[in-house]
Amino acid sequence: MRIAISGSHATGKSTLVAELAQRLTDYTTIDEPFYILEDEGHLFGDPPSTEDFGLLFDRSVSLLREVHAGDVLFDRSPADYLAYMTALDPALVSADHVEAAA
């Protein structure tokens with residue numbers, strides 16, 4: 001089963017993923033794309049820009065497609081970043097984005 005924890009900033013998603021991982025020991029845990037990209041050297045704005053959210057969305061979609069483990073806990077989902085993009089500038093969001101997030 002693939003489980004993605006969704007929610008706004010600082011609501012306890014990472015804490016929930018960590019607690020679930022302790023109980024669901026057969027699951028692979030995938031960090032939030034923000035931290036993955038930050039570890040790779042990407043510098044995010046504070047607050048993140050619309051371009052940052054687009055990059056986060058793309059990485060989140062890629063992770064869903066690339067991770068082939070059967071049981072996975074994702075810290076965030078493409079839907080999170082799609083929501084941020086929609087709130088910042090609805091014109092940024094296309095039908096392709098919505099389809100990729102599904």
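The values are calculated or read from the model by the stated rules, or taken from the named source; none is laboratory data. Worth saying up front: this structure is predicted, and the values here are computed from it rather than measured. Backbone-built Cβ (ideal geometry, glycine too); neighbour counts: all protein chains shown. Keep in mind that these areas ignore ligands, DNA and RNA; they rest on the heavy atoms of the full protein, side chains included. Shrake-Rupley method; radii C 1.70, N 1.55, O 1.52, S 1.80 Å.
How far is helix 13-23 tilted off the main Cα axis of the chain, in degrees rounded to 10, range 0 to 90? The answer is roughly 20 degrees. Positive end of the dipole of the stretch 1-93 (Cβ unit charges, origin at the Cα centre): among F44, A69, I30, the Cα lying farthest that way belongs to A69. Counting only Cα atoms, the stretch 4-86 measures 36, 26, 25 Å along its principal axes, largest extent leading. In the elastic network of the chain, a GNM with C-alpha springs shorter than 10 Å, the most mobile of T50, T29, T15 is T15. With helices as the sole contributors, the chain gives -15500 deg cm²/dmol at 222 nm; each DSSP H run of n ≥ 4 counts as -39500 (n - 2.57), and the sum is divided by every residue. Taking other residues whose beta carbon is less than 10 angstrom from the beta carbon of A4, and scoring Lys, Arg as +1 and Asp, Glu as -1, yields +1. Could you give the angle, 0 to 90 degrees to the nearest 10, between helix 78-88's Cα long axis and the longest principal axis of the Cα atoms of the chain? So the helix axis and the longest Cα principal axis differ by about 30 degrees.
Rolling a 1.4 Å probe across the protein heavy atoms gives the chain an accessible surface of 60 Å² per residue.
The dipole here belongs to the chain: it is taken about the Cα centre, uses +1 on the Cβ of Lys and Arg and -1 on the Cβ of Asp and Glu, and is about 360 debye.
On the stretch 32-71, 51 percent of the accessible area sits on carbon and sulfur atoms, based on a 1.4 Å probe. Run the 1.4 Å probe and let me know the accessible area of E40, rounded to the nearest 10 Å². Rounded to the nearest 10, that gives 120 Å².
Springs between Cα atoms under 10 Å define the GNM used for the chain, and in it the highest mean-square fluctuation of F44, F74, F34 occurs at F44. Relative to the longest principal Cα axis of the chain, at what angle does helix 50-66 sit, 0 to 90 degrees, rounded to 10? So the helix axis and the longest Cα principal axis differ by about 40 degrees.
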